[in-house]
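J.: Input: one structure, supplied below.
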Amino acid sequence: MANRRAFMKSGAMALFATGLGGVPSFIAATAGEKKIIPTYKKNKTLVCIFQRGAMDGLMAVTPYSDPNLKLLRPGLYMSPAQTEGQLFDLDGKFGLHPSLGSLSPYFTEGRMAVVHGVGSPNKTRSHFDAQDYMESGTPNSKSTASGWLNRAVGLTGHEATPFSAVSLTAALPRSLQGDHDALAINNLEEFVIQMRGNPLAGNIAANSFEQLYDQTSNQLLKQSGKESFEAMKMLDLKLVKNYTPASGAIYPNSPLGRSLKQIAMLVKMNIGMEVAFAESGGWDTHFNQGTTNGSFARNLKDFSDSIAAFWKDMAGYQDEVTVMTMTEFGRTVHQNGTGGTDHGRASCLFVLGNDVQGGKVYHKMGSLDKASLEDNRDLPVTTDFRSVFGAVAKKHLNVVDTAKLFPGYEGDMLYL
Amino acid sequence: MRYIVLIFIFLSLAFTVDPFNSDQRLQMPYKKEGLTEREAAEHLLSRLSFGGRPGEVEKLLATGLDKWVLQQLEQSLPDTDLEKRLSGYDALSLDNQTIVNTYLNAGQVVRMMQKKGTLSRDSMAKLEKDDYRKDVLKLMQEKGLKLPQELNRQLIAQKLIRAVYSENQLQELMTDFWFNHFNVSVTKGQSQPYVLTYERDAIRPHTLGKFESLLKATAQHPAMLYYLDNASSGSDNNAMNQRIKKMVPANSKLKKAAGLNENYAREVMELHTLGVDGGYVQADVTEVARALTGWTVRPMMKDGYGERLAKMQQSRLGKNVATTDGDFLFLAVRHDQQEKTVLGKKYPSNGGLNEGLEVLHQLAKHPSTATFICKKMATRFVCDTPSVKLVAAMADVFTKTGGDIKQTMIAMLNSREFWKKEVLRSKIKSPFELVVSAIRATNADLRNANQLNDWCTRMGQKIYSYAAPTGFPDKASFWVNTGSLLNRMNFGLAIAAQRIPGVGMNLLALNNNHEPESVDDALQTYSTILLPGRNQKENIGRLTSLVRDEALQARLDKALASTQSTATSEEDMTGGVDMMGEEKTPKMGKGKEKKMETGVSGQVAHVVGIIIGSPEFQRK
């Protein structure tokens, strides 16, 4: 196993997994020239999924046993006792939304944990600010230039590869901005010098560009050019083009499904990826949220099926991957006048991995009676998001210095 | 007595005219730094415009360097071609009220219908169904309503078209610079409808005027008031407010405590004026926020609160409650009436609207602001790490002229640092600058901006969408990274091969309809056109060794023979957003293709593509 994770930085060649079905042609041409020397043991890959728009955690994982919930959101309340589309009872207190059905086995097997009542100490209910605070990892400071995942890359204690941190988005998310190299790729197939319909001309152009960038007097262009071509060569486009997910996994054809599928490809290429980032949208359910059907249920099903497909596809790699979800805040406990919920405070998140202490809802949630709610309306934040992010980074990415990861945070870590 | 008054008037006149008239003469010391006039002209085009067009260096030399710079600083060159190109964009001249009542998303329309009772709860539940959605959109069409995406499309298109075609290039650069400095973003739903008028009314008129005018205009514009939440900031420290609260029943909405929001107050000091190390503390943030309580936006939605407010304002009491200035609204009942202290300066109680304006004035004239703003300008126009000396020289003029941006620019151009050899071409173009400079350098015809916008996004700059108030960072390392660099190269290849719908390029016309005789010749010709002022020998030498390789050339011939350059037909690139809200941007390279009629061979396009994607073309 250790051997398979090995990676050689210079020379741009990755050591490919033996089980991948042959060495790609460009590797074949150069692999013989340079001996592959592993320089460090790669950490796991942490896959982060940001649910933008604020997911209603009280509907995804419902504290159905609290009678206040039914009072405050009669039109949105669900329970395990329902005959149709009933909740999946987790522990007599919480129930999993039926749309999360594809993930429920992992909870039962103890590989998936839920953290409830999680959020930011900053009380902002603005998507934009809350996302910014969660991604910078500094809930009370806007001037933090870097994102927490970018800092995590720098704290792994070893060199980075061009693919150490990859976001499957068009632009680099706030979480990954910062001093360390991070890559935003919307579509792996586009990560190549291309002349549409004429791959040969594309190759020739690539060759010209590589030499031109190598000769430029501008150091930044020279260095980035070198890294770009290294990264390009590391990427096994054949695997991308003819990709068949393992164990018959079927990804939903949605933005999240497509992103996770490409993350799976990158994991299998074994090119040193330790942080991967994907996004899921449509959680801002102010309007007609629905219960077992409707916009929320549909979105949650896509979320669940995408992650489940990814996990299935990761078959032989599951020991090397951890998935963590996050959302900027939760939604009001009461339903609003248009069949939805407004911006609230705490929500819930999911962590999936073979060595996660799962099968449990981690929470410090109190009663949902109005007087116990934050500002009489919202589920209070009882778990700081940094206690979860920090613990996951420590356990799965071997980030030791969590004080540097979350400057200013002095609370406990929540190990799962 | 009369004489004393006269003397006083005379003195005050002398004072307002003389000490403040520190207008300097433009004296650009390029010769002292060993530059020829031509090199200086090239540098000016590279820094004070979005890159030269073919033959523009010669044109600039004919005009004269000083005169050209002064014209750019005056920003009054006729722009008839640009105006013609913008005439089809009907949203550009609309006011905020029209915009917010015209560009509605489907959800807003449904809520509106619901309010009027034309929509039942039953049918609401069916909203997901496509046919229902069609009904809503049909209704929108009947009522002349449009989707917000269409507004965004026009906003983006006008920026690209202006940057390419405006004769007043510096004005476009400055608009880009100040917009980014006072950044707002269409990613925040509340401010999105106002971004177009923000750039047009709050930024553009002041780009080379006084800094304080910019600061005030941005502070009072709905886009900023919503973007940084000041619109919702209020206080209970208000006698009128307390009286009202006593009168209304316990469950009234008016009972709710008004909350202070410090978001804008913090950013106006950290990002707009003093800078993060500018000498303020958290207490100052709170005090500025208190001074700006009640600064909000006039309600503009039809049938809403707006009409009631207008009626109320006609009464005597109403005038004290709410003051409007355009779409800016000062709600006196939400203003904190107590005393405040900002950066050591006391503001007595009951300062009202004026108090906030005085705070902005205090911030604008603070020495930290002069340094912070001048450093940012020097970083944009000179180099990523300007010297302390240059910044100080600029800040001195900035302060003496009461924050005159034009005079500060002249101070920068009069500095030797601007002309230093190591400064030439040391900056990296942003993706937007790359795209615009490529079109300008090749005299291409920009007919539709949708695809170019997609390319900017792929290269890492989604314009008008930078979510954080910092704006895009102005340093090379932000723009140049592994992912974006390959896309820059691909952009070069795509645009030269005529594979970007909406952009027409005639490479033959660029060379006076003379077809290069060989690849070598093409290299020589187009390097000279696209990269004026570069060491052509060195540049061409590098490229030649690549294309002269005979084996390679044979492969290239063979490769390119199979795909001659093609252009995508016009019909498919109307783009835009249809009534269903789906963006009609044609997929890259998937439009109907037809043979290019310019007769230029694929090899020439290949060479031009490599030049545009090369490191040299990324520099400015």
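J.: B:Arg447 to A:Ser143: FRET efficiency via 1/(1 + (r/R0)^6), r the Cβ-Cβ distance, R0 45 Å, to the nearest 0.05?
T.: With R0 = 45 Å, the Cβ-Cβ based efficiency is 0.60.
J.: Taking 35 Å as R0, compute the FRET efficiency from the Cβ-Cβ separation of A:Lys93 and B:Gln282 and round it to 0.05.
T.: After rounding to 0.05, the efficiency reads 0.30.
J.: Let me ask something else. Between B:Gln97 and B:Ser465, what's the calculated FRET efficiency when r is the beta-carbon distance and R0 is 25 Å? Round to 0.05.
T.: It comes out at approximately 0.50.
J.: May I pose another question? Distance check, please: which entries in A:Lys404/B:Lys346; A:Lys395/B:Lys188; B:Lys84/B:Lys365; A:Lys238/B:Lys620; B:Lys216/B:Lys340; B:Lys32/B:Lys537 exceed 30 angstrom between their Cα atoms?
T.: A:Lys404/B:Lys346; A:Lys395/B:Lys188; B:Lys84/B:Lys365; A:Lys238/B:Lys620
J.: Another one. Reachable aspartates and glutamates from B:Lys302, Cα under 20 Å, same-chain residues fewer than 8 places away excluded?
T.: B:Asp95, B:Glu142, B:Asp325, B:Asp327
J.: Per-residue mean of other chain beta-carbon atoms within 10 angstrom of the beta-carbon, peptide A:213-219?
T.: The mean count of partner-chain Cβ atoms within 10 Å per residue comes to 5.
J.: With a 1.4 Å probe and all protein chains kept in place, how much accessible area does A:Arg258 have, in Å² rounded to the nearest 10?
T.: Its heavy atoms expose roughly 110 Å² to the probe.
J.: Let me ask you something else. If you find the alpha carbon centre of the stretch B:335-371 and of the stretch A:259-291, how far apart are they in angstrom?
T.: Each part's Cα centre sits 46 Å from the other's.
J.: Divide the volume of the convex hull of the Cα atoms of chain A by its number of residues and quote the answer in cubic angstrom per residue.
T.: Given the Cα convex hull of chain A, per-residue volume reads 146 Å³.
J.: With every protein chain in place, what's the accessible area of B:Tyr194 (1.4 Å probe, Å², nearest 10)?
T.: 20
J.: Mind pulling up the Rg/Rh value for the stretch A:154-198? Radius of gyration and Kirkwood radius, both on Cα.
T.: 1.08
J.: Provide, in order from the shortest bin, the percent of all Cα-Cα pairs of the stretch B:384-484 in each 10 Å bin, continuing until the bin that contains the maximum pair distance.
T.: 13, 30, 32, 22, 3
J.: Could you order B:Glu287, A:Glu135 by accessible surface area, starting with the largest, using a probe radius of 1.4 Å?
T.: B:Glu287, A:Glu135
J.: Quick check: pseudo-label points 7 Å beyond the Cα along Cα→Cβ at B:Arg200 and A:Asp319, how many nm apart are they?
T.: With each label placed 7 Å out from Cα toward Cβ, I get 6.3 nm.
J.: Whenever you get a sec, line up B:Leu214, B:Leu357 from highest to lowest accessible area (probe 1.4 Å, protein heavy atoms).
T.: In descending accessible area the options line up as B:Leu357, B:Leu214.
J.: Starting from the stretch A:288-391, pick out the trypsin sites (Lys or Arg not before Pro) whose DSSP state is loop and whose Cβ has at most 16 other Cβ atoms within 10 Å.
T.: Passing sites in the stretch A:288-391 are A:Lys364, A:Arg377.
J.: Can you pull the three principal axis extents for the Cα set of the stretch A:293-375, in Å, largest first?
T.: 48, 30, 19
J.: Pull out the extension gain between B:Met247 and B:Asp23, defined as 0.36 nm times the separation in residues minus the alpha carbon to alpha carbon distance; nm, one decimal.
T.: Result: 74.8 nm gained on full extension.
J.: Would you compute, from DSSP H runs of 4+ residues alone, the mean residue ellipticity of chain A at 222 nm, taking -39500 (n - 2.57) per run and dividing by the full residue count, rounded to the nearest 500?
T.: Estimated from H runs of four or more residues: -9000 deg cm²/dmol.
J.: Something else: Largest first, how would B:His361, A:His116, B:His206 line up by accessible area (1.4 Å probe)?
T.: In descending accessible area the options line up as B:His361, B:His206, A:His116.
J.: With each pseudo-label sitting 7 Å past Cα toward Cβ, what's the A:Tyr415-A:Lys70 distance in nm, one decimal?
T.: 4.0
J.: Using a simple spin-label model with points 7 Å from Cα along the Cα→Cβ vector, what separation in nm is obtained for A:Asn207 and A:Arg377?
T.: Roughly 6.5 nm, to one decimal.
The values are calculated or read from the model by the stated rules, or taken from the named source; none is laboratory data. Everything numeric in this text was worked out from a predicted model, so none of it was measured. All Cβ positions, glycine included, derive from the backbone under ideal geometry; neighbour counts span all protein chains shown. Heavy atoms of the whole protein, side chains included, go into the accessibility calculation; ligands, DNA and RNA do not. Shrake-Rupley method; radii C 1.70, N 1.55, O 1.52, S 1.80 Å.
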